[in-house]
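> Quick one: structure below, then a few questions.
Rule-based calculations on the coordinates, nothing more; no lab input. Note that this is a predicted model, so its numbers are computed, not measured. Counting neighbours? That spans all protein chains shown, and the Cβs are built from the backbone with ideal geometry, glycine included.
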Amino acid sequence: MAESSPSKKLPAKKGLLHAFKQQKLRAWQPVLTPRWVISVFLVTGAVLLGVGGILYASANSVKECVKDYSDPVSGQNSTFTNVTIKSSDCTGPDGSPSSLGSPVFVYYQLTNFYQNHRRYVKSRSDDQLRAGGQDVTDLSDCDPWEKNETSGKYFYPCGLIARSVFNDTFMLYKGDSEDQIGVDTSAEAITWETDRKEKFVQPDSFSDSTLTKIDPWLSTPDESELFPGGVSNGHFINWMRVAGLPSFRKLWGKIDSTVDLPVKVVVDNRYPVSSFGGSKKVVLSTASPLGGRNFFLAWCYFAAGGICVVLGLFFFGKQIRSPRALGDVNYLSWT
């Protein structure tokens with residue numbers, strides 16, 4: 001009977017890779033004692049409350065004036081609406097301010113307008129906007145406002161978002177005088193550089209061959225007066241950035257000087273809102289390094305910090321009233 005050959009001894013598996021595969025890497029294994037848990041909750045809560053306080057103070061330092069102009073004032077022309085922004089229409093850190101420090105941002109605000117509707121959001125062609133209306137053959141994304149059925153030409157720009165662009169304009173005057181306040185409405189002042197240079201391209205002119213294919217309706221004499229520069233106009237670019245909520249604001253202009261109240265605003269009131277039950281407002285606002293007068297983020301930090309503090313105090317009280325003895329951690333093994 002043949003003798004069995006001795007079994008071969010396998011080489012020992014060593015090294016970082018083997019330890020990683022076997023989950024034997026050295027690591028910190030914390031023991032969450034009541035003291036640690038209570039301390040983490042209280043410290044985290046204090047930090048969140050502190051950050052919330054900074055955000056609240058920053059938002060509260062912003063001065064903001066809001067004036068509704070949805071309905072024409074009785075006795076005024078239905079196209080032009082004159083409204084006066086007074087101190088009583090404004091809020092600030094010390095109540096109603098008498099002036100707004102430079103810079104002052106001019107916004108328009110719409111309510112009950114659902115720019116986030118699925119069909120509305122999809123109705124646009126970013127390829128067409130980037131290409132200046134040329135060499136784009138598939139514009140099916142712009143449905144249902146894709147082509148002029150009479151001429152057979154494609155709209156440039158196409159889509160429901162472009163078609164419904166906000167076209168009210170504002171002129172601001174000091175008090176009841178005719179001294180007009182200068183408002184910078186250039187694209188450089190109110191839009192992002194990446195949008196102007198990469199996403200919204202307007203050619204200097206259209207060739208005859210291009211005009212046989214597209215209908216540049218935004219460059220017609222009537223529309224070009226409202227939107228000089230066509231799709232590269234700052235107001236058009238800001239409108240094309242769809243809002244996520246039915247009540248939203250979009251930047252219309254910037255004032256690089258102090259604005260004393262009251263301010264008379266003459267509105268060329270073109271944009272209809274009664275059909276969808278909405279409203280229109282003009283907003284004058286300063287800004288802080290952290291944004292405008294919006295307390296939502298501050299209250300989120302307050303809520304999260306308050307929950308952490310309450311949990312920390314709850315566990316602290318429970319530990320005081322009915323403490324639980326811990327075992328000796330020296331007997332714990334992590335292997």
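> Please list the three semi-axes, largest first and in whole Å, of the ellipsoid equivalent to segment 212-335, using sqrt of 5 times the eigenvalues of its alpha carbon gyration tensor. Mind dumping the intermediate values first?
On the way: eigenvalues 657, 98, 47 Å².
Taking √(5λ) for each eigenvalue gives 57, 22, 15 Å, largest first.
> Using the alpha-carbon atoms, what tilt in degrees (0 to 90, nearest 10) does helix 296-321 show relative to the longest principal axis of the chain?
Here the helix axis deviates by roughly 30 degrees.
> Where q = 0.23, 0.30 Å⁻¹, what log10 of I(q)/I(0) comes from the Debye formula for segment 191-231, counting one point per Cα?
Log-scaled intensity ratios, in q order: -0.85, -1.06.
> Now, a different point. Need the list of lysines near residue 153 for cross-linking: C-alpha distance under 28 angstrom, and skip anything on the same chain fewer than eight residues off.
Within the straight-line cut-off, residue 153 pairs with 122, 197, 199, 213.
> Ranked by Cβ crowding within 10 angstrom, fewest neighbours first, how are 171, 240 ordered?
171, 240
> Give the cysteines in the chain for which no other Cys Cβ lies under 4.7 Å away, or write none if there are none.
That list is 300, 308.
> Right, something else. Among (1) 66; (2) 50; (3) 62, only one was calculated for this model; which label is it, if the read-out is percent of Cα pairs over 26 Å apart?
The calculated read-out lines up with (1).
> Sequence gap at least 6, Cα distance under 8 Å: using those rules, report the relative contact order of the chain to the nearest whole percent. Display every interim value, and only then the final one.
Details: 544 pairs, mean separation 117.3, N = 335.
Dividing the mean separation by the residue count of the chain yields 35 percent.
> Work out the FRET efficiency for residue 151 and residue 222 from their Cβ-Cβ distance, taking R0 = 22 Å, and round it to the nearest 0.05.
Working: r = 18 Å, r/R0 = 0.80.
Calculated value: 0.80.
> To the nearest 20 debye, what is the magnitude of the charge dipole of segment 187-275 about its Cα centre, counting +1 on the Cβ of each Lys and Arg and -1 on the Cβ of each Asp and Glu? Before the final figure, lay out the partial values.
Values: 10 positive and 13 negative charges, 87 e Å.
Charge dipole of segment 187-275: 420 debye, to the nearest 20.
> Here is a further query. Roughly speaking, what is the stretch gain from residue 37 to residue 60, that is 0.36 nm per residue apart minus the C-alpha to C-alpha distance, in nm to one decimal? Mind showing how you got there, number by number?
Details: separation 23, 0.36 × 23 = 8.28 nm, distance 3.42 nm.
In short, 4.9 nm is gained.
> To the nearest 0.05, how large is the calculated FRET efficiency for residue 96 and residue 163 if R₀ is 56 Å and r is the Cβ-Cβ distance?
On the way: r = 40 Å, r/R0 = 0.71.
The calculated FRET efficiency here is 0.90.
> Restricting attention to the alpha-carbon atoms of segment 261-331, what are Rg (one decimal) and Dmax (integer), both in Å?
Rg and Dmax of segment 261-331, Cα atoms, are 26.8, 80 Å.
> If you rank 125, 207 by fewest surrounding Cβ atoms within 10 Å, what's the result?
Values: 125 23, 207 10.
Least crowded to most crowded, the residues run 207, 125.
> If you don't mind, there's one more thing I want to ask. Which of the lysines could a cross-linker bridge to residue 21, judged by Cα under 21 Å and excluding same-chain residues fewer than eight apart?
Result set, ordered by chain and number: 13.
> Where nothing but the Cβ of Lys and Arg (+1) and of Asp and Glu (-1) is charged, how large is the charge dipole of the chain around its Cα centre, in debye to the nearest 20? Can you show the working numbers first?
Details: 36 positive and 33 negative charges, 588 e Å.
Rounded to the nearest 20 debye, it is 2820 debye.
> Starting from the Cα of residue 51, move 7 Å in the Cα-to-Cβ direction to define the label point; list residues of segment 278-303 whose amide nitrogen is under 13 Å from there.
297-303
> List 35, 249 from most exposed to least, where exposure is judged by having the fewest other Cβ atoms within 10 Å. List each step's numbers first, then the result.
Working: 35 12, 249 17.
Ascending Cβ contact count within 10 Å gives the list 35, 249.
> Anything over 24 Å Cα to Cα? Flag those among 67/254; 147/281; 147/254; 86/280, in the order listed.
Details: 67/254 17 Å; 147/281 33 Å; 147/254 36 Å; 86/280 17 Å.
Exceeds cut-off: 147/281; 147/254.
> Amide H to amide H under 5 Å from residue 82: which residues, 5+ apart in sequence or cross-chain, H placed 1.01 Å off N in plane?
73, 267
> By the scheme Lys and Arg +1, Asp and Glu -1, what is the net charge of all other residues having a beta-carbon under 9 Å from that of residue 69? Numbers along the way, then the final one.
Details: positive: 67, 280, 281; negative: 68, 71, 168.
Spelling it out: positives minus negatives among the neighbours equals 0.
> What ranking do 269-278, 154-163 get when scored by the average of other Cβ atoms within 10 Å per residue, highest first?
On the way: 269-278: 13.0, 154-163: 22.8.
Peptide ranking by packing, descending: 154-163, 269-278.
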